[in-house]
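Reading through the structure tokens given below for one structure.
Only the coordinates and a few stated rules stand behind these numbers; no lab work does. Given the structure is predicted, the values throughout are model-derived calculations rather than measurements. For neighbour counting, all protein chains shown are included, and Cβ atoms are generated from backbone atoms with ideal geometry for every residue, glycine included.
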Amino acid sequence: MHIDDLLRTAVKKKASDIHLVAGRPPILRINGVLRPMDSAKILSANAIEGLVFDIITEKQRKIFAERRELDVSYEINNLSRFRVNLHYQRGTVGMVARIIPSEIPTMKDLDIPDVMYDLIRKNSGLILITGPTGSGKSTSLAAMIEFINNERALHIVTLEDPIEFIFLSKKSLIIQRQLNTDMLSFESALTHVLRQDPNVIVVGEMRNLETIAAAITLAETGHLVLATLHTHSAHQTIDRIIDIFPAHQQNQIRLQLSMSLIGIMSQQLIPSIRKGRVAVREVLLNIPAVSNLIRENKIAQVRTVIQTNAQLGMFTMDQDLLRLYKDGSISLDVAKTHLIDQDLIGGK
């Protein structure tokens, strides 16, 4: 058996992920639910090593042995790409592979809110796509990049770990750089990216203080910066960014963020009545009221500003859940499970 056989089955079953763990059969995540692969045999530790080591180079094996973690991309021609994480658990090798669609979906396909089209047409500022793991952040980000690629003649530089969607330059020129292959770190790549004459800079994930600081600075200096972050809501995103800095730097970061941020879209995927899962989102626009709250460290009030400015295209996760429920996209039980304010639905 080759790893391609398992990955082909995962794609055929429309799984989002496949897990390989010693002592278990391959596990697929389908519509958010983990399920053993039909008729698959239990995999031994040696069997998993044989499967996963086939798809990495000797250099990558050495990195994996040293760091005990490795993120790589893998592709089966004419089928799909995969974002692969290798790790150790209880002394044995494990693998999780995320299936990356072969075609980049459009913003319309993903039902991304209309106001986000206005944001990505801007020439500078920081746009953040946030959500938990498996919430579709990378896919939404890819759709936005492809929209720019089709509409504007810009130079787009992406910094990724690993490269997921492959872009073909259309109106825009797109350069994709991968960690450990094309760059040593996000911080160093962001430090030197200005020498590459970019208009749009895409940061696959803002993981640490240095990366966040560099992204904010680039957004201030006349570049459009798109990035992802593992946070659940707009106000939590702002808090996370500020809290990662030492106390003596936080006033300065609040000021910089209040001026450079142009919008946040937070999302998660929840079960749909119709088929599979549907995205529920929250959108924050950095209007003057929000900018003032950031500077004054009154982040808790941001949610109220979102709720009261629907006419500008903003909405909370609760408001979007209510919309999906009224549209018949999600069930009452699913809506209640995810609502913060249960009174929005009440006893219906």
Toy charge model, Lys and Arg Cβ at +1, Asp and Glu Cβ at -1: region 126-278 dipole around Cα centroid in debye, rounded to 20, equals 520
The rounded separation in angstrom of the Cα centers of region 133-170 and region 61-127 is 11
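Taking the highest mean first, how do the peptides 296-304, 238-246 order by number of other beta carbon atoms within 10 angstrom per residue?
Per-residue mean Cβ counts within 10 Å order the peptides as 238-246, 296-304.
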Restricted to the chain, the DSSP antiparallel beta bridge percent, nearest 5, is 60
Taking alpha-carbon centroids only, region 292-341 lies from region 208-235 a number of Å equal to 23
About its Cα centre, the chain carries a charge dipole, from +1 on Lys and Arg Cβ atoms and -1 on Asp and Glu Cβ atoms, whose size in debye to the nearest 20 is 600
Going through 275/326; 13/41; 122/171; 14/275; 108/137; 137/336 one by one, the pairs whose alpha carbons sit over 19 Å apart turn out to be 137/336
Nearest-0.05 FRET efficiency for residue 255 and residue 300 at R0 = 25 Å, using Cβ-Cβ distance, is 0.85
Given Cβ charges of +1 for Lys and Arg and -1 for Asp and Glu, the option among 304, 334, 286 whose Cα lies farthest towards the positive end of the dipole of region 283-343 is 286
Mean separation of Cα contacts under 8 Å (at least 6 apart) over the residue count of the chain, i.e. the relative contact order in percent, is 13
One point scatterer per Cα, no solvent, Debye formula: log10 I(q)/I(0) for region 3-100 at q = 0.17, 0.20 Å⁻¹ comes out as -0.71, -0.99
Calculated from DSSP helices alone, with each H run of at least 4 adding -39500 (n - 2.57) and the total divided by the residues of the chain, [θ]222 nm to the nearest 500 comes to -10000 deg cm²/dmol
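For a protection proxy built on the mean count of beta-carbon atoms within 10 angstrom, sort 272-285, 46-59, 126-139 highest first, please. Don't skip to the answer; put the middle values down first.
Details: 272-285: 19.1, 46-59: 15.1, 126-139: 21.1.
Peptide ranking by packing, descending: 126-139, 272-285, 46-59.
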Quick note, region 265-313: a/c under 1.5 would make it rounded; otherwise a/b > b/c is prolate and the rest oblate (a ≥ b ≥ c, C-alpha gyration tensor); here it is prolate
Distance in nm between residue 14 and residue 44 label points, each 7 Å along Cα→Cβ, equals 3.7
Pseudo-spin-label distance residue 67 to residue 103, built 7 Å along Cα→Cβ, given in nm, is 3.4
The relative contact order of region 248-320, taking Cα pairs under 8 Å that sit 6 or more residues apart, comes to a percentage of 30
Honestly region 76-218 on the Cα gyration tensor test (a ≥ b ≥ c root eigenvalues; a/c under 1.5 rounded, otherwise a/b vs b/c for prolate or oblate) is just oblate
Once residue 337 and residue 170 are pulled to full extension, the length gained, defined as 0.36 nm per residue separation minus their Cα-Cα distance, is 55.9 nm
